[in-house]
Amino acid sequence: MSLESLERTVEDLKRRLQVLEDESAIRRLMAEMMKKADERDNLRWGERLVEYYTDDGQWVSGSGFADVGMKERGTAALLKKFTTGTRITESGHLLGTESITVEGDTGNGSWLCFEPTTLKGKDGSDQALWILARYIAEFRKVAGQWKVRTLRFEGIFCTPFEEGWHKQRFVSIAHDT
């Protein structure tokens, strides 16, 4: 093997290793963010979630959850969304079937999310829900750290525990309904 060939091989291995490290960092980012999302009793809950996003970050709702999405971008919009955008009082985000791609300082990913949830009713009562959705995310590396630029939540179902998705596919989780 020539020196030139060896140098090309080393550069290729460096690039491939960087992609693996970036994918791992994105996976950790999502896992940490979901852990923080489930710690709703923390007084800084919304502020802590915003820290995972770029300055122009956005959380978007897709099918089934259009009532809790946002069109605006940025820290102020995210903070408003995370502090007043939902009636969920407890949750457990379980992520699976992931797909992550990285190209330089940008990346994309998707995860299936199963989320057992407690929803606070207008009358103060609690309701158990099953949520199944897909997170579709766009990431950007900022100052060496991966951050979420856009997180889209595509609903598959959000249904009362007692009824199941075959009877009532979506229940609104927004505050204003």
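The values are calculated or read from the model by the stated rules, or taken from the named source; none is laboratory data. For clarity, every value in this text was computed on a predicted model and none was experimentally measured. Ideal geometry is used to build each Cβ from the backbone, glycine not excepted, and the neighbour counts take in all protein chains shown.
Taking the conditions exactly as written (more than 18 Å from Leu20 (Cβ to Cβ) and part of a loop (DSSP other than H, G, I, E, B)), does Lys122 satisfy them or not?
yes
Right, Gly64: part of a loop (DSSP other than H, G, I, E, B) and closer than 25 Å to Leu132 by Cβ or not?
yes
So which residues in the range 25-57 are part of a loop (DSSP other than H, G, I, E, B), farther than 17 Å from Tyr135 by Cβ and of a type outside the set (A, V, I, L, M, F, W, C)?
Glu39, Arg40, Asp41, Asn42, Arg44, Glu51
Only one of these is of a type in the set (S, T, N, Q) and either touching a Leu at 6+ places or on another chain (Cβ under 8 Å) or modelled with pLDDT of 90 or more (or both): Thr84, Thr177, Thr159. Name it.
Thr159
For the range 18-54, enumerate the residues that are exposed (fewer than 13 other Cβ atoms within 10 Å of the Cβ), among the acidic types (Asp, Glu) and either within 22 Å of Arg87 (Cβ to Cβ) or in contact (Cβ under 8 Å) with a residue 40 or more places away in the chain (or both).
Once the filter is applied, which keeps residues that are exposed (fewer than 13 other Cβ atoms within 10 Å of the Cβ), among the acidic types (Asp, Glu) and either within 22 Å of Arg87 (Cβ to Cβ) or in contact (Cβ under 8 Å) with a residue 40 or more places away in the chain (or both), the range 18-54 yields only Asp41.
Here is a check on your reading of the model: is Thr75 surrounded by fewer than 13 Cβ atoms within 10 Å (Cβ to Cβ), over 26 Å from Phe157 (Cβ atoms) and hydroxyl-bearing (Ser, Thr, Tyr)?
It is false that Thr75 is surrounded by fewer than 13 Cβ atoms within 10 Å (Cβ to Cβ), over 26 Å from Phe157 (Cβ atoms) and hydroxyl-bearing (Ser, Thr, Tyr).
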